[in-house]
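Trainee: Sharing a structure, written as structure tokens. Questions coming.
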Amino acid sequence: MTKIVFLDRDTVGPNVPLHRPSFDHEWVAHDATAPEQVAERIADADMVITNKAPIREAALERASRLKAISIAATGYDVIDTDACRERGIAVANVRGYAVNTVPEHTFALILALRRSLIAYAAAVKAGRWQESGQFCFFDYPIRDLAGSYLAIMGEGSIGQSVADIARAFGMKPHFVAHKGVDGLGPLYTPWDEALEKADVVTLHAPLTAKTKNMLAMPEFRAMKRRPLIVNTARGGLVHEADLVRALEEGLISGFGFDVLTSEPPKDDNPLLQVLDRPDVIVTPHVAWSSDEARAEVWRQTVEALEAFERGEELRRVV
């Protein structure tokens, strides 16, 4: 009987019902799996499901029965795909599940920061309204979105959805040309021009060797309009220490981040040192995780295993 091992069930969340593949199988689910536990847990598995638990070559060497890996995520950097390819192990991911949840979270951050919602709510809770002695008070900046320039870094389905929402607010969305790349066509605004004109910069790019730290002090110094920086894509796209420095030097007007370079972050992460500022919001990598999106992640995760069992290819990266 096919043995299926799910390495990190907790990453899907407790309120998402997990239907299992329709074919006969033995099911083993672990709440979480540390890297050093992976090899033992997949050693006799025929199929494996993982989200964040890494599957590297050393673990694959012991998994002589393993035929397929289904990743409950779009990113597959947790898998040694070269080693899987050498061993004939199929690898599939999920796609397109976040076209609503991530853009909505992106705009939740943009709106909260542009209108200082968190700061005003905290001030009311602290009694500032009564203290003001009038019908309102003006302690924090409030800016409309209409007419503002939105620089979108990443032109995939999520970036396109962000642009659609931006247009509904009357913003001017621009897809930013890839850093250091010219001649990409009329869809793109040149990198330097976008940095200079942006009121809001939002990132929706994958993390690769080319995109790592693509925003750092040189880029922040080129931003003439003190934009908001929003990252709901991947930690590592922005140099975190430089981001905080840019904020403190007044080069940007604030930032909203849902992703950090290390998750959970270490206590000395520079972004955690400025959380008490009214122009900073950090959320714990939840932009992807609406109930609807997580249900779709799981549907595709199981669908990929069922397709493999039938001998079909579906969303395979290997």
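Trainee: Write down the percent of antiparallel bridges among all DSSP beta bridges whose residues are both part of the chain, to the nearest 5.
Mentor: 5 percent
Trainee: If I model a spin label as a point 7 Å beyond the Cα along the Cα-Cβ vector, how far apart are those points for ARG277 and GLU61 in nm?
Mentor: Between ARG277 and GLU61, the label points sit 4.7 nm apart.
Trainee: While we're looking at this one, here's another question. Could you give me the ³J(HN,Hα) list for region 292-306, computed from phi with Karplus coefficients 6.51, -1.76, 1.60 and θ = phi - 60°, whole Hz, x at Gly and Pro?
Mentor: Per-residue couplings from phi come out as 5, 5, 5, 5, 5, 4, 5, 4, 5, 4, 6, 4, 5, 5, 5 Hz.
Trainee: Once the dipole of the chain is set up with Lys and Arg at +1 and Asp and Glu at -1 on Cβ about the Cα centre, which of THR301, HIS204, HIS19 lies farthest towards its positive end?
Mentor: HIS204
Trainee: Tell me, LEU275, LEU7, LEU247, LEU113 in order of fewest to most beta-carbon neighbours within 10 Å? Walk me through the numbers before you get to the answer.
Mentor: Values: LEU275 9, LEU7 28, LEU247 22, LEU113 25.
Lowest count first: LEU275, LEU247, LEU113, LEU7.
Trainee: Further question on the same structure: Contour minus end-to-end for GLU306 and ASP24, with contour as 0.36 nm per residue of separation and end-to-end as the Cα-Cα distance? Before the final figure, lay out the partial values.
Mentor: Numbers: separation 282, 0.36 × 282 = 101.52 nm, distance 1.06 nm.
Extra length from GLU306 to ASP24 when fully extended: 100.5 nm.
Trainee: Spin-label point model (7 Å from Cα, Cβ direction): what's the LYS197 to ARG128 distance in nm?
Mentor: Those two pseudo-labels are separated by 3.4 nm.
Trainee: Over the alpha-carbon set of region 1-135, work out the extent along each principal axis and list the three values in angstrom, largest first.
Mentor: 73, 30, 27
Trainee: If you take every residue apart from ARG299 with its C-beta less than 11 Å away from the C-beta of ARG299, what net charge results, scoring Lys and Arg +1 and Asp and Glu -1?
Mentor: On the way: positive: ARG294; negative: GLU292, GLU296, GLU303, GLU306.
Local charge sum for ARG299: -3.
Trainee: If you don't mind, there's one more thing I want to ask. In region 103-210, what is the volume of the convex hull around the alpha carbon atoms, normalised per residue and reported in Å³?
Mentor: Working: hull volume 13.6 nm³, N = 108.
Cα-based convex hull of region 103-210, divided per residue, equals 126 Å³.
Trainee: Once amide H atoms are built 1.01 Å from N in the peptide plane, which residues 5 or more positions from THR189, or in another chain, come under 5 Å H to H?
Mentor: Result for THR189 returns PHE175, VAL176, ALA177.
Trainee: Give me the dipole magnitude in Debye, nearest 20, for region 101-282 about the Cα centre, with unit charges on the beta carbon: positive for Lys and Arg, negative for Asp and Glu.
Mentor: 260 debye
Trainee: Right, next: Pick from GLU248, GLU61, GLU131: which is most flexible by mean-square fluctuation in a GNM of the chain where alpha carbon atoms under 10 Å apart are linked?
Mentor: GLU131
Trainee: Taking the Cα centre of the chain as origin, sum charge times position over the Cβ atoms of Lys and Arg (+1) and Asp and Glu (-1), and report the length of that vector in debye to the nearest 20.
Mentor: Using only the charged Cβ atoms, the result is roughly 600 debye.
Trainee: Under a 10 Å cutoff between Cα atoms, tell me which one of GLU303, GLU196, GLU57 has the largest fluctuation in the Gaussian network model of the chain.
Mentor: GLU57
Trainee: Given a 10 angstrom Cα cut-off, can you work out which residue in VAL200, VAL102, VAL38 is the most mobile in a GNM of the chain?
Mentor: Result: VAL38 has the largest fluctuation of those listed.
Trainee: Which residue, chosen from ALA166, SER262, MET153, occupies the Cα position most advanced towards the positive end of the dipole of region 101-282, where the dipole is computed from +1 (Lys, Arg) and -1 (Asp, Glu) charges on Cβ about the Cα centre?
Mentor: The one lying farthest along the dipole's positive direction is ALA166.
Trainee: Run through every distinct alpha carbon pair of the chain and return the Kirkwood hydrodynamic radius in angstroms, one decimal place.
Mentor: About 21.5 Å, per the Kirkwood formula over Cα pairs.
Trainee: Taking 25 °C and 0.890 mPa s as the conditions, I'd like the Stokes-Einstein D for region 101-282 in µm²/s, using the Kirkwood hydrodynamic radius from alpha carbon pairs. Walk me through the numbers before you get to the answer.
Mentor: Numbers: Rh = 16.9 Å.
Approximately 145 µm²/s, per Stokes-Einstein.
Trainee: Counting other beta carbons within 10 Å of each residue's own, what order do PHE135, PHE6, PHE169 fall into, fewest first?
Mentor: In increasing order of surrounding Cβ atoms, one gets PHE135, PHE169, PHE6.
Trainee: Using only DSSP helix segments of four residues or longer, with each worth -39500 (n - 2.57), what per-residue ellipticity at 222 nm results for the chain after dividing by its residue count and rounding to 500? Working shown, then result.
Mentor: Numbers: 11 runs with 98 residues, N = 318.
After summing the helix terms and dividing by the residues of the chain, the value is -8500 deg cm²/dmol.
Trainee: Work out from phi, with θ = phi - 60° and the Karplus expression 6.51 cos²θ - 1.76 cosθ + 1.60, the ³J(HN,Hα) of each residue of region 113-124, listed in order in whole Hz, and give x for Gly and Pro.
Mentor: Result, rounded to whole Hz: 7, 5, 10, 6, 4, 5, 5, 5, 4, 5, 5, 4.
Trainee: Another question about this same structure. If I model a spin label at LYS3 and ASP82 as a point 7 Å from the Cα along the Cα→Cβ vector, what separation in nanometres do I get?
Mentor: A separation of 2.9 nm, rounded to one decimal place.
Trainee: What do you get for Rg/Rh of region 206-290 when both radii come from the Cα atoms and Rh is the Kirkwood radius?
Mentor: 0.94
Trainee: Please list, by residue number, everything in region 231-258 whose backbone N is under 15 Å from a paramagnetic label point 7 Å out along Cα→Cβ of ALA216.
Mentor: Residues 236-246 qualify, since their backbone N sits under 15 Å from the label point.
Trainee: Next up: Quote the FRET efficiency, to the nearest 0.05, computed for ARG115 versus LYS179 with a Förster distance R0 of 35 Å and r equal to the Cβ-Cβ distance.
Mentor: Step by step, r from the Cβ atoms, then E = 0.70.
Trainee: What are the ³J(HN,Hα) couplings of region 234-242, residue after residue, when phi is run through the Karplus curve with 6.51, -1.76, 1.60 and θ = phi - 60°? Round to Hz, x for glycine and proline.
Mentor: So the J values, rounded to whole Hz, are 9, x, x, 5, 10, 5, 5, 5, 5.
Rule-based calculations on the coordinates, nothing more; no lab input. Please read all numbers here as calculations on a predicted model, not as lab measurements. FYI the Cβ positions are ideal-geometry reconstructions off the backbone, even for glycines, and counts take in every protein chain you see.
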